[in-house]
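The values are calculated or read from the model by the stated rules, or taken from the named source; none is laboratory data. Not measured: the values here are computed from a predicted model. So basically every Cβ, Gly included, is an ideal-geometry build from the backbone, and we count neighbours across all protein chains shown.
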Amino acid sequence: MAKTTLTISSKNYSSWSLRGWLMAKMSGLDFEEVKVSTDTADNRAELLLLSPSILVPSLHHNKIKVWDTLAIGEYLNEIAPKQNLLPTNPVHRAHCRAICGEMHSGFTALRSSLPMNIKARIQLTQVWSKAQLDIDRILEIWADCLKTYKGPYLFGKTPCMADAMYAPVVTRFATYGIALAPLFEQYSKQILSMPFMKEWTADALKEPDDIEELEVEF
């Protein structure tokens, strides 16, 4: 029996669930998924970014409950340090934490105007100016990391907590047909080709389209 459970929501719509799930997979821990329904007001509000819900993701391990995505990543790094969810170099680790924190607390315009919807393919004719500023900042972060740590992931040869935090952005760029320079296109392909991402995407494609508010063509 798995000693760890991870509570998540929709694999098609829930970006925070994806982040926590990827971190748990990267940690190498055996865990069971516990899915919460999207048909309650609280869960739908979370997916629609209308409330600061902490319902998902939620990690339960050895009688310990951790429910914030950054806290989950830090906890997993502590109990599985050899998986390098955070870089071992303290300077690199501080950099990683900084960009993870920026994703955790920022980019609200991108979240609201380009919600995660893995199954959808929507060709935007124009991106809201505030969302474009978020996109520009994300690409600046990616460029800095890929140049500094030489790729193919943000902090070098293996995926880490930062890649998990920015993975939903990669899916958003694909969903809305955001044009990317070759460097960023290659990074996006690297993320989407990860076995864990392929597993998540395959499950997302099987889900019903049950949140009409997130099926709007912007």
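Taking the stated definitions as given, is residue 203 modelled with pLDDT under 95 and closer than 23 Å to residue 17 by Cα?
Values: modelled with pLDDT under 95: no; closer than 23 Å to residue 17 by Cα: yes.
So residue 203 fails the test.
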Margin query: Cβ-Cβ distance below 8 Å, separation of 6 or more or different chains: which pairs start in region 124-142 with a residue that is free of Cβ contacts under 8 Å to residues at least 24 places away in the same chain and end on one that is of a type in the set (A, V, I, L, M, F, W, C) and not in a helix (DSSP H, G or I)?
Written below: 131/114
Next item on the list: Test each condition in (1) surrounded by fewer than 17 Cβ atoms within 10 Å (Cβ to Cβ); (2) under 13 Å from residue 166 (Cα atoms); (3) among the acidic types (Asp, Glu) for residue 134 and report the one that comes out false.
Entry: (1)
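Pick from region 76-124 the residues that are of a type in the set (Gly, Ala, Ser) and outside any helix (DSSP H, G or I): which of them is surrounded by the fewest Cβ atoms within 10 Å (Cβ to Cβ)?
106
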Next item on the list: Could you list all residues from region 53-75 that are aliphatic (A, V, I, L, M) and either touching a residue at least 24 places away in the same chain (Cβ under 8 Å) or not in a loop (DSSP other than H, G, I, E, B) (or both)?
Entry: 55, 56, 59, 64, 66, 70, 71, 72
Item checked: Considering residues of region 4-39 that are over 12 Å from the mean Cα position of the chain (by Cα), at pLDDT below 95 and among the hydroxyl-bearing types (Ser, Thr, Tyr) only, the residue surrounded by the fewest Cβ atoms within 10 Å (Cβ to Cβ) -> 37
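Taking the options 107, 155, name whichever one is closer than 22 Å to residue 9 by Cα and either modelled with pLDDT of 95 or more or of a type in the set (Phe, Trp, Tyr) (or both).
107
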